[in-house]
1. Can you pull out the residues in region 268-280 that are touching a strand residue (DSSP E or B) at 6+ places or on another chain (Cβ under 7 Å) and either part of a helix (DSSP H, G or I) or open to solvent by 50 Å² or more (accessible area, probe 1.4 Å) (or both)?
2. Residue by residue through region 104-137, note down the ones that are within 17 Å of Met238 (Cα to Cα), part of a strand (DSSP E or B) and open to solvent by 50 Å² or more (accessible area, probe 1.4 Å).
3. For region 293-311, how many residues meet the condition of being free of Cβ contacts under 8 Å to residues at least 40 places away in the same chain and either at positive phi or in a loop (DSSP other than H, G, I, E, B) (or both)?
4. So if I check each of Leu305, Leu262, which one is open to solvent by 50 Å² or more (accessible area, probe 1.4 Å), under 23 Å from Pro135 (Cβ atoms) and within 31 Å of the chain's Cα centre (by Cα)?
5. Can you find a residue that is under 19 Å from Phe258 (Cα atoms) and not hydrophobic (A, V, I, L, M, F, W, C) anywhere in region 328-337?
6. Go through region 144-172 and count every residue that is open to solvent by 20 Å² or more (accessible area, probe 1.4 Å), within 54 Å of the chain's Cα centre (by Cα) and farther than 26 Å from Arg324 by Cβ.
7. With the checklist (1) modelled with pLDDT of 90 or more; (2) open to solvent by 40 Å² or more (accessible area, probe 1.4 Å); (3) of a type in the set (Phe, Trp, Tyr) in hand, flag the one item Phe373 doesn't pass.
8. For region 89-100, what are the residues that are part of a helix (DSSP H, G or I) and either modelled with pLDDT of 90 or more or open to solvent by 50 Å² or more (accessible area, probe 1.4 Å) (or both)?
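The values are calculated or read from the model by the stated rules, or taken from the named source; none is laboratory data. Since the model is a prediction, treat every value here as computed from it, not as a measurement. Every residue, glycine among them, receives a Cβ derived from its backbone with ideal geometry; neighbour counts consider all protein chains shown. For the accessible areas, the whole protein counts, side chains as well, though only heavy atoms, and no ligand, DNA or RNA atoms are used. Shrake-Rupley method; radii C 1.70, N 1.55, O 1.52, S 1.80 Å.
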Amino acid sequence: MSEEDALLEAEDAKDMEVYDEDDAAAEEKRKRNRPNRLKIFWNAFVDRLPDPDIVFAYKTVKLVQIRDRRLGLVYYGIMLLILLYIIGYIFIYKQAYVDVELSEGLVVVTASGTAFSALADGQIRPWDKVDAIFPPTEPGAIFVPTRALITRKQTVDECGSPYEPCQTDSDCEDSPPYKRRKCTPKGCTVLQWCPVPNPTDIKTTQSLELEGAHSFNVWIKSNVRFRTLDPTRSVSNMGAARPIQYPTSDGSPASSYFVHDLIRLAGMSMEEVKETGAILQTTVTWSCDLSFGDECEAEIDVQRLDATEGGIGGFGLRTANFYRIDGKLYRDTTQMYGIRIFFKSQGRGTKVSAVMIILQLSSALALLAAAVFAADFVMQYVLSERAHYRTVKIQETEDFNTDD
């Protein structure tokens, strides 16, 4: 090959390299200009979405002065009612700004006095607190007798029972293991303590009226403690040296009551209960304001418990005294009717609470929004000018967002 041919081949090869580079650049340019299907789909999806300035539009309160006396009367009228409710009912009447604790305490009762009974032989028997008050000591309760039935020198024997009347022996059924029952003028024979107590049989049973039992004096000592509001304080009259007799001259709380006063407070009279007795519930209630001290007032409430729809129950109890004469066992039975009184001490303590005040004020602020809601409702849906008021009340701005 000549030099001339070699030069021609070299030029041709160079031209081919330039052509290949131009083709690669053109292919790369075509790839860059090729449309991206994913981007086209995404742009089409975004174009279909609503305007975010509309979706996330911010709504704010616009202060508009409506010159309409009707709306003003509705707004201020409801506002006044809400304020009266909060101040008058919540704070003054209900006292919802205080913490309240209910508690129960102890009661110690002592009784003193003397009653008298006329005996069949004309003598007078006194009944003092030793033999009249039974049992002598009982927590929170006391029994004051008004009538006593005493059956003396009872022995175990067969005698007629007034609680099982009969006409013939066939009316008396056997009571195993005791048999051979017979009919007597006093009733069917029973193996029992004879003679049987019978208020209508003056030969066997002595009936005594305790005159003056209504004058027994009951001293009520009570206490109560509010462990949540103030655990260090104890409200009590246990340490009182002398009782305060009811009624007091200045109307202050008393701690000592005659039996007839308790009966009267229960809405009864002594004549109604002296034959069959009664059961009373006496409650001492302490009302204490512990905010700035221990100001307490005690009130007493007496209720009758044995009064039912079917009638009056009454109350009585029996005691027996056993002894022997010449080796034989005897007993004296005493059945007493009287006033059974239960006592209970309870308290209601209050104390100003900052938490309760904040809670009630927060509730009050929430209620005040009801006046705005009522006035807006009347303005937009009730008044004849509601269409005009609605255009003033609700206004939509232009889209001032320049980020699009």
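1. Correct list: Val273, Lys274, Glu275, Thr276.
2. Glu104, Leu106, Val108, Thr110
3. The total comes to 6.
4. Residue meeting the stated conditions: Leu305.
5. Yes: one or more hits.
6. The number of residues fulfilling the criteria is 5.
7. Condition (1) is where Phe373 drops out.
8. Tyr89, Ile92, Tyr93
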